[in-house]
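One structure below.
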Amino acid sequence: MALIEVKDLCFAYEGDNLAVDHVSFSVPEGQYVTIIGHNGSGKSTVAKLLAGLLEKKSGSIVIDGLELNQKNLHQLRSRIGIVFQNPDNQFIGSTVRDDIAFGLENHCVPQEQMDDIINAFSARVGMSEFLDKEPTHLSGGQKQRVAIAGVLAMAPKILIFDEATSMLDPQGKDEIKRVIMDLHRKSGLTILSITHDIDEVTSSDSVLVLADGKVALTGTPAEVFSQEKMLKKIRLDIPFSLKLADELNKRGVSVNRELTMEGLVKELCRLHSNM
Amino acid sequence: MPIAFEHVSHIYNDGTPYRHVALEDVSLELAEGKITAIIGQTGSGKSTLVQHLNALLLPSAGKVLILDRTIEAGSQPKQLKSLRGQVGLVFQFPEYQLFEETVLKDIAFGPKNFGVSEEEAAKKARTAMQMVGLGPEFEERSPLELSGGQKRRVAIAGILAMDPAVLVLDEPTAGLDPQGTEQMMSLFHRLNRESGKTILIVTHDMEQVYRYCDEVVVMEQGKPKLRTDVQTFFHDSSLCRELNILPPALIRMKDMLRENGFTVSDEVSDVNMLAKELARQVKRHG
């Protein structure tokens, strides 16, 4: 059974204008799913519904076999961690240590266990050296890593990243993408990442494409990126190597639609030497 | 006349333990009537540099020459208000600064503040809305209820409503989706090509620099490390690599192909041209 099962989910911020319009999808345990779509497509709203931060209008969300409702909300929330876009809005503590401890204190974790947990999870995101630093002395990427550590310390089964890299500089983006990949490979966490980053999409297990509050496409990155017409219609970008492969195919050079430049260059080299 | 920085330094919190030299003896010219990208790592002084252009920050030493004015260390700039009308500065994440009840009022705030009549301000606001692609249906909506990309456009329209000669944008596309980014950049391109506005963009996005900008200034540790035209900058990956910047996809692909024995001419500047050259090489051998 899937870890997350969403059926006919609907939500409206006001009136009958559905921001999320009969959305259904499921996520098997341990998958790394990217969610893409234009601004205003309902991505963040879906994330907030899953995390129990908004209440659905209709439909159902089943997480780990439990229906997400008022009764189960508290129990399920502890299984889901969410990291938001703005690094400055998520730092609560006066130091990195305090910030990670904040969630633990709220969960009444005994003081003597806290240090071990803080040490373990700050190490997990590469922030061990910064435990006594104040947020003003941290870069955006470092603050986001602290936010991830704070969420991991709550031992969730599902991690949601709501455009967690979009306010960061290229270096910060790389740091966070590396941490996400690492968590995916080593900890078996189920990851949902809302992103505009084509490279991140390419490296995920599966992709959910939203447009105007509805599911437009789902599948592996290769499957989703093969729907060029649909992607163009909802005006989403595709990897450069695919654009080039498509242009080559149009000109009678038949190459595989490789998702990476390295893959495409290999393809071309094969053609080059076969002639 | 170009915009010029002459031996400009800027020191934050001078005389305190938090003293920080953000700009150090910067001498630099920025071309008028062009789109210039200002790039460099976080903390390299990009934002500090551009905030001198409308005297939001004053130099700790040296002077800035812009639009026949001189902003000098140690003296209060004259006619500050008219300078700020002529040099429009859009901050990072400007959508956090929207505050009026309606989109139209928010955009009209600037011109009104500069003494234009209510009616005239609304007219200017409507023109600016059109420029950024916000239809009349947005006029009476609350700016706070809009999506991130729409809010960003409202904020930029608020600056455009003052019809500045120089437009300075600090990471205008950060956090926007690809489509929003595209629209925003083509707007700046249009403002430059059609209205001759001088445009300065602080950015990390090399794809945009390559596609839309004319010149590049690289900042490093409070100093301009390099100023050149975009063609030279992206001739191949070497300059970018040296500066620890990820080059645009096209440039990376061209380099990778060359390394693997393909011929790619310097003129190739988009994916169509590249496909054409490659098709010829593969077919010719076949």
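FYI, it's all coordinate maths here, none of it is from the lab. For clarity, every value in this text was computed on a predicted model and none was experimentally measured. Cβ placement follows ideal geometry from the backbone for every residue including glycine, while neighbour counts extend to all protein chains displayed.
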So what's the convex hull volume per residue for the Cα atoms of the protein assembly as shown, in Å³? 171
Return one number: the angle in degrees, 0 to 90 and rounded to the nearest 10, between the long axis of the Cα atoms of helix B:148-160 and the longest principal axis of the Cα atoms of chain B. 60
Size of the dipole of the protein assembly as shown about the Cα centre, Lys and Arg at +1 and Asp and Glu at -1 on the beta carbon, nothing else charged, in debye to 20? 1080
Quick one: Cα centre-to-centre distance for the range A:129-167 and the range A:12-88, in angstrom? 21
Roughly what would the spin-label model give for B:THR42 and A:GLN113, points 7 Å off Cα along C-beta, in nm? 3.3
Placing +1 at every Lys and Arg Cβ and -1 at every Asp and Glu Cβ, with all other atoms neutral, what dipole size does the range B:14-112 have around its Cα centre, in debye to the nearest 20? 200
Zone reached by a paramagnetic label modelled 7 Å from A:ASP174 Cα along Cα→Cβ, restricted to the range A:126-160 with backbone N below 18 Å, covers A:126-127, A:139-145
Between B:THR16 and B:GLU120, what is 0.36 nm times their sequence separation minus the Cα-Cα distance? Round to one decimal in nm. 32.8 nm
Cα-only Debye scattering, the range A:88-236: base-10 log of I(q)/I(0) at q = 0.14, 0.21, 0.22 Å⁻¹: -0.72, -1.29, -1.38
When B:TYR210, A:TYR13, B:TYR12 are arranged by how many other beta-carbons sit within 10 Å of their Cβ, fewest first, they go A:TYR13, B:TYR12, B:TYR210
Please name whichever of A:PHE121, B:CYS240, A:TYR32 sits farthest to the positive end of the charge dipole of the protein assembly as shown, dipole taken about the Cα centre and charges placed at Cβ: Lys and Arg +1, Asp and Glu -1. B:CYS240
GNM, chain A, Cα, under 10 Å: largest mean-square fluctuation among A:GLU223, A:GLU262, A:GLU200? A:GLU262
Kindly provide the helix-only [θ] at 222 nm of the protein assembly as shown, computed as the sum of -39,500 (n - 2.57) over DSSP H runs of four or more divided by all residues, to the nearest 500 deg cm²/dmol? -11500 deg cm²/dmol
Computed label-point distance, nm, for sites A:SER24 and B:HIS7 using a 7 Å Cα→Cβ extension: 7.4
How long are the three semi-axes of the equivalent ellipsoid of the range A:112-182, in whole Å, if each is the root of 5 times an eigenvalue of the C-alpha gyration tensor, listed from largest down? 20, 15, 9
List residues of the range B:70-114, by number, whose backbone nitrogen lies under 11 Å from a label position 7 Å along Cα→C-beta of B:GLU139. B:104-105
Dipole of chain A, positive end: most advanced residue of A:SER139, A:ILE160, A:ILE238 [Cβ charges, Cα centre]: A:ILE238
In degrees from 0 to 90, rounded to the nearest 10, what is the angle of the helix A:96-106 Cα long axis to the longest principal axis of chain A? 70
Unit-weight point scatterers at every alpha-carbon of chain B, Debye formula, q = 0.07, 0.09, 0.14 1/Å: log10 I(q)/I(0) is -0.31, -0.49, -1.05
If you average the alpha carbon positions of the range B:1-34 and of the range A:185-254, how far apart do those two centres end up, in angstrom? 43
Straight-line reach check, A:LYS243, cutoff 22 Å on alpha carbons, 8 or more apart in-chain or any other chain, hits among lysines -> A:LYS229, A:LYS232, A:LYS233, A:LYS266, B:LYS254, B:LYS276, B:LYS283
Looking at chain B only, what percent of DSSP beta bridges run antiparallel? Nearest 5 please. 55
Rounded to the nearest 20 debye, what is the charge dipole size of chain A about its Cα centre when +1 sits on each Lys and Arg Cβ and -1 on each Asp and Glu Cβ? 820
Can you bin every Cα-Cα distance in chain A into 5 Å intervals starting at zero and give me the percent of pairs per bin, rounded to whole numbers? 1, 6, 12, 15, 16, 15, 13, 9, 6, 4, 2, 1, 0, 0
Fewest-first ranking of B:THR16, B:THR42, using other Cβ atoms within 10 Å as the exposure measure: B:THR16, B:THR42
Label-point separation, B:GLU101 to A:LYS7 (7 Å along Cα→Cβ), nm: 4.7
Ranked output for segments A:98-104, B:157-163, A:1-7 by mean other Cβ atoms within 10 Å, highest leading, reads B:157-163, A:98-104, A:1-7
Provide the FRET efficiency to the nearest 0.05 for the A:LEU73-B:SER186 pair, computing r from the beta carbons and using R0 = 45 Å. 0.50
Across A:ILE92, A:ILE35, A:ILE194, the residue with the highest GNM fluctuation in chain A (Cα network, 10 Å cutoff) is A:ILE92
Cβ density ranking, 10 Å radius, fewest first, applied to A:ILE176, A:ILE198 yields A:ILE198, A:ILE176
At a Cα cut-off below 29 Å, give the lysines reachable from B:LYS105, other chains included and same-chain residues fewer than 8 away excluded. B:LYS78, B:LYS81, B:LYS123, B:LYS124, B:LYS151, B:LYS197
Given Cβ charges of +1 for Lys and Arg and -1 for Asp and Glu, the option among B:ILE71, B:VAL21, B:ILE39 whose Cα lies farthest towards the positive end of the dipole of the range B:5-74 is B:ILE39
Rounded if a/c is under 1.5, else prolate if a/b beats b/c, else oblate: with a ≥ b ≥ c from the C-alpha gyration tensor eigenvalues square-rooted, which is the range B:122-201? oblate
Helix axis angle, A:261-274 relative to chain A longest principal axis, alpha carbon, degrees: 30
Share, in percent, of DSSP beta bridges within the range A:106-239 that are antiparallel, nearest 5: 50
